[in-house]
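Below is one structure, written out as structure tokens, with a few remarks after it.
The values are calculated or read from the model by the stated rules, or taken from the named source; none is laboratory data. Predicted model, so just to flag it, every value in this text is computed and none were measured. Note that each Cβ is placed from the backbone with ideal geometry, even for glycine, and that neighbours are counted across all protein chains shown. Areas reflect the complete protein model, heavy atoms only, side chains present, ligands, DNA and RNA absent. Shrake-Rupley method; radii C 1.70, N 1.55, O 1.52, S 1.80 Å.
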Amino acid sequence: MATVGVNNNHRPRVYVKCEGCKKEAEFYCNTCGSKYCQTCKVGHLRSRISKDHKIIPFSEKIGEMAINYRARLAGCLVHPGTPFERCCKQCLVPVCAECIMGEHATHPIAKISSVYETQRDLLVAEADEIKERIIPNIEYFLGTVTGGAARLRAEVQKIRLELRNFADKLKDAVTKVLDENLQFIDEMADDDFGKLKDREGMLFEILKQLKKIVGTYDEIVESGDAVSLLMYMKNDKPDFDNIRRIPEIKIPAIPEYRQGNVDVHSLQHQFGKIGKPNTFDSLASKGGGMRQLVKPKVLMDLPVVDFDFDSLASGQLLGLRTLGSEATCIRHHGSNLKLTDTKGRVLETYRTGLKKHPNDMLMESDTQLLFADGENNAVKLITKGKMPTTLIKTGDWTPEGLCKFGEDLLVSLNNSASRTSKVTKFNRICKPLQDIQFDNQGKPLYKKATFMAVNSKNRDICTIDMAAARVVVVDHYGKWRFDYVGANDSSYPFRPRDICSDSIGLILIADEGSYAIHVINDRGQFLRHLLTKQSGLRHPFTLSIDQKERLWIGEHTTKKVKVVTYLQ
């Protein structure tokens, strides 16, 4: 990582750390862009992969860095000497006042910092995916291929020994056949070793490029330089679809030797045959406990309603929360909570002791659940066959929604007297850790926070603001990210009633106003309606995702539950 300091003459001083040992770097690799001290440079050149790389003194690189630095200070590239004022959201480039009045006059304009943060978050998300999913899989494949060479060598040596032992028994009569078989196995091994070497080199190259890309991402993000980041996104950023696309890696199967019986009259047949079951084994498709690179799931073009059933709720259906993939807990206008199967049959009844219904519930296991007690301002635990016990007393605040955040618990709270609302995070022993209530300007985030979901992709906290008819999304530190107020193409009012998020970071919202399920991404962009009134949906009021990643939709007035497959 290079750190640039500026003196009064605007001449940059560059401090560079060695990528091997973190000492000051003295050399730069023109081939792969790495930076090394004297000791690590020697190791870099001794590596089989990088032995032919071109190393230069880092002083030669400083001149190039200084030129880039002065270019950033110069401001607008189209109108030299004019400072950047804003950023064009359509073109993703910083623009000056003249650009705004000219070429970008009809384009949407925003603050540089705003666009920078959005693009920075995209880089961070992509870097996380590379580091957390792609690189570990490539490293696994690399280890398997490298280990395959060792196993191949061991098996080849074993077969050679067996061939020689058998040949000793046949003495002179088997000499000709022995030589032919030894030549065959050697040629096969040479060919397989060549294939393994090619695949090993390819994987090393992919891994090197991925690490280089992540390093560039991290360097740009950590620099905090909005202009540099935006110019990189515009001109230099590699296509992430190409980064994500990992080729199918195949390795030669291990050869086999089947020994025959000693018979000098049919020597070739008796000597046995060397072979292997298949030309290649695919690492990406072979089972038997081997790790597979899972293809990311995507939205289906047409979701499928697998089945539906009558929840048999008393009055209207208010909420449901799945348990595994074959049961759900039903919240209705009665005080009790009912665990039912996929045919609506009651498996267990949990008695809350309330006069009315709980505000929300959360399944902990098949014998325990939490519920929000709005009558006594508390969060309580029910264990099968026992009376509820109080875990959290919320004082003047009424608990509305419950949601797990890892091992912690999120509770949405509303104070009717002060007309204030917040989301509070509690730890495993029910001690408050964090209040999420205000934005960066000190303004309230919520009018009435109700149901919540945590985005598994980035840990954003997504909350239904029932009074404001919107979804408020903050990051896991509580910093506001965006509001979602419905799709622009709808003529119906947006009335969000429940929310959930799936494993690929999609956010699903039940909209009772338009009788539709909205799907948005983790940046708040509307993607599509999953189900609508035209597809038979009525009063969608509550959502939950089961272990099979099917969406369960509860209809408010019909009391029906629809189970939908929407990912492939």
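Would you kindly calculate the mean projected area, averaged across all directions, of the convex hull enclosing the Cα atoms of the chain, in square nanometres?
Working: hull surface 154.3 nm².
It is 38.6 nm².
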Which residue, A516, L339, Y28, has the largest displacement toward the positive end of the dipole of the chain when charges sit on each Cβ (Lys, Arg +1; Asp, Glu -1)? L339
Selection of trypsin sites (Lys or Arg not before Pro), the range 324-382, meeting DSSP coil and at most 14 other Cβ within 10 Å: K343, R345, R351, K355, K356
Within-13-Å neighbourhood charge of N415 [Cβ basis; K, R +1; D, E -1]: +1
In Å², what does the accessible area per residue of the chain work out to with a 1.4 Å probe? 52
Long-range amide H contacts for L323: which residues qualify at under 5 Å (H placed 1.01 Å from N, peptide plane, sequence gap of 5 or more or a different chain)? T328, C329
Pop out the Kirkwood hydrodynamic radius of the range 349-463 from its pairwise C-alpha distances, inverse of mean 1/r, in Å to one decimal. 14.6
With a 1.4 Å probe and every protein chain kept in, tell me what percent of the accessible surface of the chain is carbon plus sulfur. 49
Just flag the GluC sites (Glu not before Pro) in the range 468-568 sitting in loop per DSSP whose Cβ has no more than 15 other Cβ atoms within 10 Å. E549
What is the Cα coordinate range of the range 386-517 on the first, second and third principal axes, sorted by size from largest, in whole angstrom? 45, 38, 36
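Cross-link list K23/K208; K457/K559; K17/K208; K195/K457; K343/K393; K208/K457: which exceed 28 angstrom alpha carbon to alpha carbon? Write down the numbers at each step before the final one.
Numbers: K23/K208 22 Å; K457/K559 32 Å; K17/K208 19 Å; K195/K457 37 Å; K343/K393 36 Å; K208/K457 25 Å.
From K23/K208; K457/K559; K17/K208; K195/K457; K343/K393; K208/K457, over 28 Å: K457/K559; K195/K457; K343/K393.
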Report the GluC sites (Glu not before Pro) located in the range 360-406 that are in a DSSP loop and have at most 16 other Cβ atoms inside 10 Å of their Cβ, or state none. E364, E375
Let me check I've understood the local charge: for G374, count other residues with C-beta under 15 angstrom from its C-beta, Lys and Arg +1, Asp and Glu -1. What total comes out? +1
